[in-house]
Structures are given as structure tokens and as C-alpha cells.
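The values are calculated or read from the model by the stated rules, or taken from the named source; none is laboratory data. Being a predicted model, the structure only gives us computed values, none of them experimental. In this analysis, Cβ positions are derived from the backbone assuming ideal geometry, glycine residues included, and neighbour counts consider all displayed protein chains. Please note that ligands, DNA and RNA were not included when accessible areas were found on the heavy atoms of the full protein model with its side chains. Shrake-Rupley method; radii C 1.70, N 1.55, O 1.52, S 1.80 Å.
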Amino acid sequence: MFARGVSAPAPAAAMAPAASDLKLGKKVNEGKTKEVYELPDIPGCVLMQSKDQITAGNAARKDRMEGKAAISNTTTSCVFQLLQEAGIKTAFVRKQSDTAFIAAHCEMIPIEWVCRRIATGSFLKRNPGVKEGYKFYPPKIEMFFKDDANNDPQWSEEQIIEAKFCFAGLTIGQTEVDIMSRSTQAIFEILEKAWQPQNCTLVDLKIEFGVNVLTKEIVLADVIDNDSWRLWPAGDRSQQKDKQSYRDLKEVTPEALQMVKRNFEWVSERVELLLKTKSQGRVVVLMGSSSDLSHCEKIKKACATFGIPCELRVTSAHKGPDETLRIKAEYEGDGIPTVFVAVAGRSNGLGPVMSGNTAYPVVNCPPLSADWGTQDVWSSLRLPSGLSCPTTLSPEGAAQFAAQIFGLNNHLVWAKLRSNMLNTWISLKQADKKLRECSL
């Protein structure tokens, strides 16, 4: 089976032929709502072709919905683009046509991972006494073994480990289960945050993982479309726009299917907005001397990884305080939210002077020298009363501090921060596994 899930397209995929020239190989898999084809001209990749079909109850209910393939493909492509740009490893390579996309070839792990913020649906049936609307903090993770004949039974972590699955040469053990569990929560939280500016509540989410046959990595795979989640505009279940509106139909009529289709179209139109933000922000780095430029360029480079514009200026609060305050006023006057980073060695006057004269956030990032650093740092740490400019010695830390401020109102920046947390955790988990294997 196949899915998408690489943080960057494979080299061959980057040189993929145009849509009209794409040669399809054999059909390698077919599900209820999609088909998967080999791509002979793009080694390591497959084509995921959506169908105009909607199902419920493991296909106990099944109907043709004209246009659903294009709707689902748009939704999936936008969602995976959002996650991939944030730093989540996915199998998605690129959208190929209105109804298909190219993905990395993966061997699929037959577990559905469900993340819930609000109790509803099957959770209520399996947990009598819990009222609909109960909220989970943190989100609740559940696993279900993909087995249509037995209605996808719920599994525990222990059952997954004891199954001793092996895909593309990777055995699924405790480390891999932990990675999928952590990833599921992070992916849910990123999408939850992305939907909030649309005043839409992500209630729950169902995803699948695969093992990339080339990289041997676990990646987010399959699809995330309107069949994969529950979405409640304004947090109101009666306004639901997801596949539950199809499941709840007492009778499937042409009129009822049109209502469901309108819901799916509503989602596909708005999902493109997840890739944008109305929030603005920038970092302005003030350096006391051009000799600090290399230190400041590291801050600018780190800001770029979060998608935050960064400007560099030279000014001295000791030698030209009037010019320092003029530059400050220049950035205060255009209405763009700004974080100032003060880079000054020896005696840091920039940070305290800026902090005492602006309501915008200021952070010190002094370029300390080996000879005098332990003495110079006190000019950044010991401030007069009424001032508040925290100090970080790391240029990357200064950029992250700014990103955490902007991320409060910018879901794209927040997504990168959340993904960084996940990827750091995964790298530590994998390093520990490798060390233990070497010890054995």
C-alpha cells in the first residue's frame, strides 16, 4: 500500500513529468475512495487517485457523489502542504491533477490513529456515562486495527507491539509506536490551531502512517480529507460540515446527497485558507556595531525558518541615543507587530534603553567574548526597575523567542514551533534506540 510522507520530495519526484506526460504503471491498491498506481518514470513514488464515492460503516452505505474526488484531493493536498511546510514528515510530494496527487511509495501500517479533543461519536458508545462534549486535555489518542470484517477493533499499544509488524524492513516496536502516538497529537494540534481563525472547531481526527520504502522512515500517509475529521463551525455540532452529515442521513436521496456535497465544498473552499494568515510580524535586530553582523545574521537566518521577516540595523544607545529612538519610532509607526532584538557587547545600553521607551517586546542577545563575557553579560541581566527585556545568548534562541510571541496569533508560525518540538523529541527517541541497539 502507499501514502505520502516525506519532509522533502525525492530527487526523482522533483523532475517528475508534466501531468499530460505522466505514465501510469499497474494498479497496486484500491480502497473504498481511492486507487493507487505505480509511476514507472518516478521511482519511489505512486499516484493517489481519488474516486467520486462516499461510504460509511465500512462501506455498508456507499454512494456516488459527483465531484467528490476533486473536493477530497483539494482538501488532502492543502492539509499535507500545511503540515509539510511546518516540518511534519509526510509522503505527499505534489498535487498532480484535480483528482490525484503524487506520493512517496510507502508500506502502510494497518492502524488508524484517532485523536480526540471532544467526546462524540463511537467514543460515547464505548464509554457509557461520558456525555457528549466532554473535552480531553491533552487530546485523547486511540488506535484501531484496520480490519473491515471485524469493524476495525480498538487496539492497545501492547497489541500493536506484540503484532511484530515489519514494513519496508522496519520492525514496529515501542519506539515506533511512541513516535506515531506523539506525531498524531502534534498533527491534530497543528490542524486544530489552523482551523481556529475560521471559527471552526476540529473535534477529532483520524490518520494513518506508512514506512517510506526508500528512506525507511515512518511518515504521515494515506489522506486527510473531509472523511478524516469532524469539523463544527463555531463549535456547534448542528452545523457539522464533515462526513458525519452523511452518516446521519436516515435516507439517502439526491437532495440529501447535494446537502452533503455542499458541506464538503464548504470545507474544500476554506481549507485553502489554512495555508495563509492575516497576522503580520517582523523582527528588527539592532546591533551596536557592524562588527556584530555575523551574530545578527544568525538571528535573521533562524527567523527565516519560522517564516518571520527580519531586518538588521546599526545603532548605538550610548553614542547616538537620539538615532536609536528615531529608528524605534520608525517601526512603531507603521502598525506592524515587531519584536526588537538588541545585540550589544561590552556594556549593553541598547536593550534597556529600548525596553524603557517602547511597549513592544525587546530581547537581549549579546555577542559575548571569551575574555570579558562573564562580566559583560551583567549589563543585560541587571536592569533598572520598570524594564523587562529577557536575555538569551543563543541567536537561534532569540529567533525562537520572537516566534513564540508571533505564534500566539499566527497559526503558521505556531505550526513550525510545534513541529520543531515533535522532531526534536523524535530525534532523541531514535538516538536512544540506536544506542541501546549498539549496547546489545
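Six or more apart or on different chains, Cβ atoms under 9 Å: show the pairs whose first residue is in segment 377-399 and on the phi > 0 side of the Ramachandran plot and whose second is surrounded by fewer than 16 Cβ atoms within 10 Å (Cβ to Cβ) and not in a strand (DSSP E or B).
GLY386/GLY356
Given segment 251-341, what helices (runs of 4 or more DSSP H) lie entirely inside it while holding 3 or more residues that are at pLDDT 95 or above and closer than 28 Å to LYS416 by Cα? Even if it seems obvious, please write down each step before you answer.
Details: elements: 254-271, 293-305, 321-332.
Helices (runs of 4 or more DSSP H) meeting the threshold: 254-271, 293-305.
Specify the residue that is farthest from LYS131 (Cα to Cα); the eligible residues are those in segment 78-110 that are crowded, with 20+ Cβ neighbours inside 10 Å and of a type in the set (S, T, N, Q).
Going through the qualifying residues, I end up with GLN96.
Any residue that is in contact with a Phe, Trp or Tyr (Cβ under 6 Å, 6 or more places away or on another chain) and closer than 18 Å to ILE88 by Cβ - is there at least one of those in segment 161-181?
Yes: one or more hits.
Give me a count of the residues in segment 111-149 that are of a type outside the set (S, T, N, Q) and buried (at least 17 other Cβ atoms within 10 Å of the Cβ).
16
For residues in segment 27-69 being part of a strand (DSSP E or B) and small (Gly, Ala, Ser), which is farthest from SER122 (Cα to Cα)?
Within segment 27-69, the match that is farthest from SER122 (Cα to Cα) is SER50.
Could you grab me the full set of residues in segment 251-268 that are touching a helix residue (DSSP H, G or I) at 6+ places or on another chain (Cβ under 9 Å) and open to solvent by 20 Å² or more (accessible area, probe 1.4 Å)? Outline the logic, then answer.
From segment 251-268, those touching a helix residue (DSSP H, G or I) at 6+ places or on another chain (Cβ under 9 Å) are 252, 256-257, 259-261, 263-265, 267-268; that's our starting set.
Across segment 251-268, the qualifying residues are VAL252, LEU257, MET259, LYS261, GLU265.
Please find, among TYR360, TYR331, the residue that is open to solvent by 60 Å² or more (accessible area, probe 1.4 Å), under 29 Å from GLN196 (Cβ atoms) and aromatic (Phe, Trp, Tyr).
Result of the check over TYR360, TYR331: TYR360.
Looking at (1) within 24 Å of the chain's Cα centre (by Cα); (2) assigned to a helix (DSSP H, G or I), find the lone condition where ASP227 falls short.
(2)
If we scan segment 199-211, do we find a residue that is assigned to a helix (DSSP H, G or I) and among the hydrophobic types (A, V, I, L, M, F, W, C)?
No, that holds for no residue.
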